[in-house]
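The values are calculated or read from the model by the stated rules, or taken from the named source; none is laboratory data. It should be emphasised that the depicted structure is a prediction, and the values quoted were computed from it without experimental measurement. Heads up, the Cβs are rebuilt from the backbone with ideal geometry, glycines too, and the neighbour counts pull from every protein chain shown. The protein model used for the area step is the full one, side chains on, heavy atoms only, and it has no ligands, DNA or RNA in it. Shrake-Rupley method; radii C 1.70, N 1.55, O 1.52, S 1.80 Å.
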Amino acid sequence: MTASDKRNLACKKLLADVHAITAKDGITPSALHALKLKLVALAAKAELFPLADFAMPVAEARNHPLLVEDNDGLGLYLTISRPGKEAAPHDHGIWCINAAIAGRERHKIFRRTDNLAQPGYATVEQVGEVMVEPGSGMAMADHDIHSTLVVGGTPAVGLALYGYALVRFPSVAWYHPQFNSVRTMPSRRHAAMA
């Protein structure tokens, strides 16, 4: 059995476990924690994810689909981000979990502090920080806000599990704390399902 075959089996097992947990518990903090532990355990099997099987990004980052379910199904990806790659504070509009295979990525966690009354206006404050590195991960609920930065001199390689595949993401909100503004990207759900 090749590494690719073993990887595919392990990814299918993970998604079966995810479905069993969410069918029993729904999407709760304890369920997200259980899912994070499963994803961290899979990421620890680095031999299933040899970098020779995955193209390096030409620019900042690249997502490689590992297993993407149809319709409103889950999306599991191998992500590679170059040193220094960063993303401003944003939310995905859907739950997500990250676990590191190699490298280090700093996630700053924010909460929105305005009353949502003025379109385009938003204030956020940092409320936490998580370093995602081998042996660790992080889980976020639907509208949790985070920023990312790849730290150190090596690429961050990890697994990302989303409640929907990337092509079916709901709208994503990008926050710009220095300008007290928010920009919402359109949802991809309707276009992907048409």
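When only C-alpha pairs under 8 Å and at least 6 residues apart count, what is the relative contact order of the stretch 1-111, in percent? Normalised by residue count, the contact order of the stretch 1-111 is 28 percent. Counting lysine pairs in the chain whose alpha carbons fall under 22 angstrom apart, excluding pairs fewer than 8 residues apart on the same chain, gives 16. Taking all Cα pairs closer than 8 Å and separated by 6 or more residues, the relative contact order of the chain comes to 25 percent. Kirkwood hydrodynamic radius of the stretch 48-163, from the reciprocal of the average inverse Cα-Cα distance over all distinct pairs: 15.1 Å. For the chain, modelled as a GNM whose springs connect Cα atoms under 10 angstrom apart, the maximal fluctuation among A52, A122, A100 occurs at A52.
Of the three principal axes defined by the Cα atoms of the chain, the extents in descending order read 57, 40, 33 Å. Descending by average beta-carbon neighbour count within 10 Å, the peptides 172-183, 69-80 line up as 69-80, 172-183, the highest first. Peptides 136-149, 105-118 ranked from most to least packed by the mean count of surrounding Cβ atoms within 10 Å: 136-149, 105-118. Helix 29-43 and the longest principal axis of the Cα set of the chain meet at an angle near 40°. Ranked from largest to smallest solvent-accessible area, with a 1.4 Å probe on the protein heavy atoms, E47, E133, E60 come out as E47, E60, E133.
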